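> This is the structure I want to talk about, given as structure tokens.
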Amino acid sequence: MDVRELRYFICVARSGSFSRAASRLNIAQPALSRQIKKLEDELGVQLLQRHGRGVTITERGALLLSEAEQVIERLSRSLDLVKGGQEAFTGEVAVGVPPTSGLLIVPELYESFRARWPQATLIVREGISTLLEEWLMARRIDVAVMHNPTPLEGIELTPILQERMVLACAPGHPAARPAGIRFRDLADVPLILPTLPHSNRRLLEREAIRHNIRLALALEIDSVPLIKVMVKRGVGATIQTYAGVADETARGEFVVRPIEHPPVTSTICIGMPGEAQASWLTLEAARLVRACVARLVADRIWARARMVEEMRQP
């Protein structure tokens with residue numbers, strides 16, 4: 001076994017595909033497949049489960065991935081110290097973000113990441129929270145920013161931010177009023193919402209069950225931009241965090257009503273592998289993500305949100 005084999009394995013596991021990994025490594029796919037098979041034969045275990053859509057990492061593979069990344073990381077840092085007398089990380093970090101929040105986070109994160117690790121690569125993968133959970137479990141991403149995630153064994157969740165949910169509708173919609181709206185009155189408003197198991201939909205359905213009401217669905221759409229288009233056309237209203245509709249509200253395209261009695265709060269968490277499996281880089285990336293979110297809130301770019309200050313730092 002050599003360092004090259006470990007680098008190849010890390011790239012395939014992170015990419016989820018031999019073809020994507022071969023392209024990134026600039027080698028032929030058959031040659032890459034032979035190297036991974038050689039590594040599996042040397043260890044006597046199956047590291048990757050091959051299927052039509054690519055590869056899925058096995059339990060043994062996940063264990064090797066964590067250890068291999070730490071080995072490569074320590075080696076790179078040691079070589080940089082010997083060559084230049086200072087640390088210069090040259091690896092990569094994969095961060096998962098949800099669609100709406102990602103629009104706020106990624107520009108800020110990129111600037112901070114580039115300033116701290118100018119020779120490293122930032123990989124951003126976008127997906128709804130349930131998909132980000134799967135990618136964390138499969139080790140396709142190192143850190144994820146997730147809305148109202150479900151607790152999962154092996155994933156450490158740290159709440160960092162809370163937001164009030166609002167009802168958003170077009171100015172001419174019957175529900176467009178200047179005051180707040182009671183949660184139970186949402187049963188009378190035709191809604192455009194994402195399908196289950198979208199994190200916002202899960203949150204709203206749990207609250208509806210608690211308060212013994214049934215949400216009135218006019219339309220189910222999994223794309224936030226499409227939801228906004230249909231809301232603007234007056235098909236129905238939607239429920240989002242205020243930050244998610246702040247731009248449309250400022251332009252006069254939406255009227256928003258805070259949900260009251262009781263308010264509905266969305267919690268954003270940072271997710272990463274449990275500390276026993278998290279590398280130094282994963283912990284540093286999580287701290288960097290949180291710092292970026294805190295600046296966005298402090299600068300009021302993340303509108304009407306508040307940090308969960310009493311949390312334990314990631």
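> Can you confirm whether the range 261-274 contains a residue that is under 23 Å from Arg184 (Cβ atoms), assigned to a loop (DSSP other than H, G, I, E, B) and over 25 Å from the mean Cα position of the chain (by Cα)?
Yes, because at least one residue in the range 261-274 is under 23 Å from Arg184 (Cβ atoms), assigned to a loop (DSSP other than H, G, I, E, B) and over 25 Å from the mean Cα position of the chain (by Cα).
> Is it true that Thr150 is more than 25 Å from Tyr8 (Cα to Cα) and at pLDDT below 90?
Numbers: more than 25 Å from Tyr8 (Cα to Cα): yes; at pLDDT below 90: yes.
Taking the combined requirement at face value, the residue satisfies it.
> Let me ask something else. The conditions are (1) outside the structural domain of Arg233 (by TED's automatic domain parsing); (2) touching a residue at least 40 places away in the same chain (Cβ under 8 Å), and Pro190 fails exactly one of them. Which is it?
(1)
> Quick check on Ala22: is it over 25 Å from the mean Cα position of the chain (by Cα), closer than 24 Å to Asp142 by Cα, free of Cβ contacts under 8 Å to residues at least 12 places away in the same chain and assigned to a helix (DSSP H, G or I)?
For Ala22, the condition - over 25 Å from the mean Cα position of the chain (by Cα), closer than 24 Å to Asp142 by Cα, free of Cβ contacts under 8 Å to residues at least 12 places away in the same chain and assigned to a helix (DSSP H, G or I) - is met.
> I need the full set of residues from the range 219-236 which are in contact with a Pro (Cβ under 7 Å, 6 or more places away or on another chain) and modelled with pLDDT under 95, in order please.
Result: Asp222, Val224.
> Scan the range 216-255 residue by residue and report those that are part of a strand (DSSP E or B), under 26 Å from the mean Cα position of the chain (by Cα) and surrounded by 15 or more Cβ atoms within 10 Å (Cβ to Cβ).
Leu219, Ala237, Thr238, Ile239, Gln240, Thr241
> For the range 122-144, which positions are closer than 19 Å to Ser17 by Cα and of a type in the set (Val, Ile, Thr)?
Those that are closer than 19 Å to Ser17 by Cα and of a type in the set (Val, Ile, Thr): Ile123, Val124, Ile141.
Every residue, every condition in (1) at pLDDT 80 or above; (2) under 28 Å from Leu131 (Cβ atoms), yes or no:
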{"site": "Asn26", "(1), (2)": "yes, no"}
{"site": "Ser33", "(1), (2)": "yes, yes"}
{"site": "Leu48", "(1), (2)": "yes, yes"}
{"site": "Arg60", "(1), (2)": "yes, yes"}
{"site": "Ile72", "(1), (2)": "no, yes"}
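> May I pose another question? Of (1) modelled with pLDDT under 95; (2) touching a Phe, Trp or Tyr at 6+ places or on another chain (Cβ under 9 Å); (3) surrounded by fewer than 16 Cβ atoms within 10 Å (Cβ to Cβ), Glu207 satisfies all except one. Which?
(3)
> Assess whether Ile259 counts as being buried (at least 21 other Cβ atoms within 10 Å of the Cβ), touching a Gly at 6+ places or on another chain (Cβ under 8 Å) and among the aliphatic types (A, V, I, L, M).
So Ile259 passes the test.
The values are calculated or read from the model by the stated rules, or taken from the named source; none is laboratory data. In this text, all values refer to a predicted model and were calculated from it rather than measured experimentally. Positions of Cβ are generated from backbone atoms using ideal geometry, with glycine treated the same way; all protein chains shown enter the neighbour counts.
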